[in-house]
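The values are calculated or read from the model by the stated rules, or taken from the named source; none is laboratory data. From a predicted model like this one, the values you see are computed outputs, not experimental measurements. Using ideal geometry, Cβ is built from the backbone for each residue, glycine included, and neighbour counts are taken over all protein chains shown. Quick note on the areas: whole protein, heavy atoms, side chains included, nothing else; ligands and nucleic acids left out. Shrake-Rupley method; radii C 1.70, N 1.55, O 1.52, S 1.80 Å.
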Amino acid sequence: MAFNVQEIRKDFPILQREVNGKPLVYLDNAATAQKPQAVIDCIVDYYSNYNANIHRGVHSLSQEATDAYEGARKKIQEHFNIKHAHEVIFTAGTTHGINLVANGFNKFLKKGDEIIVSALEHHSNIVPWQMLCERTGAELKVIPIDEKGVLILSEYEKLLSKNTKLVFVNHISNALGTINPIAEIIEKAHEKGAAVLVDGAQSCSHIKPDLQALDVDFYVTSAHKMCGPTGVGILYGKEEWLNKIPPYQGGGEMIAEVTFKKTTYAGLPHKFEAGTPNISGGIAFGAAIDYLNSIGFNEIEAHEHELLRYATDQLTTIEGLKIYGTGVDKTSVISFNIEGIHPYDIGTIVDKLGIAVRTGHHCAQPIMDYYKIPGTVRASFAFYNTKEEVDALVKAVKKAKTMLT
Ligand SMILES: *Cc1c(COP(=O)(O)O)cnc(C)c1O
């Protein structure tokens, strides 16, 4: 089926609404994506027709819920080309997955060991490693960026050594949209015997990654960035890693046998899935993946790339407007400022015109410090956005500029 953005927009009830008396122009997709009817229906169907706890009861409803939940795990496995379904661990999202791995590495690190992160990281990808370093005495090293917001790979290679135990990098920067060369980063880390965790939260809605081909050790993402519900995501880990790292939380569903003397843990994936999970969320994550694949990732990428090109051309006609993140490999995120105007003031005025953009440091303060700015205005586009919406943004930013200068 040919890509038809107007048809696609009909799948998203929220895109039909108005904000402040104007049609909603939703350009905050990097924070969370909107949900198609198929995902909303999936959640309603679960609670209306087969709500039951999973893996516990022999009764029919519990079987149905378990089948749907495990079916979603299988869909996720296939989508990311993961070898075994039990290498897919359901989490509460990217942040949870990162903390699970950081906690798991307690027992592998000691003083003198090093962890490398990139300067393009989200706070959720910095703080857990700082905490891990505090606990273990390991040291945190940072891959710097250049003026374009691109990682300097020659500096990365200098940081790598036999002391490097872990490398953490996002696939795409949420603040600037830069696409990082993760295949190369993984290969270089493996040459030194270090493990790699990739944060896919920002890339999974634009790119379909092949995790086996990448040979990545761990990968985390959140369903809500991919048109799925909030509060659910996955951690992928290679089987040998997941067997080595200890469970993160204790509770029901993660044990094989419990006595007061000793508890033995369940096998994968249950060892990391203590307690009743977000069942409807997991099932709806599967529905979101089905939906995105029905549109097609090649089509999504092509349309978003065209929006990025068009919006960049249009916005740069505004005098005094500066875009941060100008690397060749970038996705449909535009972070910008207008000389002499605070980003928050632009965000407030464009909101009055129905346009949702993000303002602030985007949970990536080190990037803002690098550019010596308090924050930016960030417009992030999804496959359901249109050129008319770009025009509306440009018009609104021009109006804000006139009002504020
Ligand atoms: C959104 C995002 C996160 C955090 O995801 P949560 O769902 O809030 O845990 C982490 N990293 C990147 C790159 C993101 O875009």
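What the table below lists for this structure:
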| read-out | value |
| --- | --- |
| For LYS330, distant residues with modelled amide H under 5 Å away | ILE179 |
| Amide H partners (placed H, <5 Å) of LYS192, local residues excluded | none |
| The chain, dipole about Cα centre (Lys/Arg Cβ +1, Asp/Glu Cβ -1), debye to the nearest 20 | 840 debye |
| Principal-axis tilt of helix 60-79 within the chain, Cα atoms, nearest 10 degrees | 60 degrees |
| Restraint check, LYS188/LYS372; LYS148/LYS401; LYS107/LYS262; LYS83/LYS192, Cα-Cα greater than 28 Å | LYS188/LYS372 |
| Rg and Dmax [Cα atoms of the stretch 29-180; Å; Rg one decimal, Dmax integer] | 20.0, 60 |
| Angle between the chain longest axis and helix 279-295 axis [Cα atoms, degrees, rounded to 10] | 50 degrees |
| Label-to-label distance, nm, for residues given as THR402 and GLU18 (7 Å Cα→Cβ offset) | 2.2 nm |
| GNM top mover of GLY57, GLY281, GLY327 - the chain, alpha-carbon springs below 10 Å | GLY57 |
| The chain - percent of accessible surface contributed by carbon and sulfur, probe 1.4 Å | 52 percent |
| Mean ellipticity per residue at 222 nm, deg cm²/dmol - from DSSP H runs of n ≥ 4 across the chain, formula -39500 (n - 2.57) | -12000 deg cm²/dmol |
| Distance violations [Cα-Cα > 22 Å] among LYS165/LYS225; LYS244/LYS271; LYS35/LYS208 | LYS165/LYS225 |
| ARG9/LYS111 FRET efficiency (R0 60 Å; Cβ-Cβ; nearest 0.05) | 0.60 |
| Solvent-accessible area per residue, Å², over the stretch 94-246 with all protein chains present [probe radius 1.4 Å] | 34 Å² |
| Proximal aspartates and glutamates to LYS111, defined as alpha-carbon separation beneath 18 angstrom and excluding residues fewer than eight positions away on the same chain | GLU134, GLU139 |
| Mean shadow area of the stretch 40-293 over all directions, Cα convex hull, nm² | 14.2 nm² |
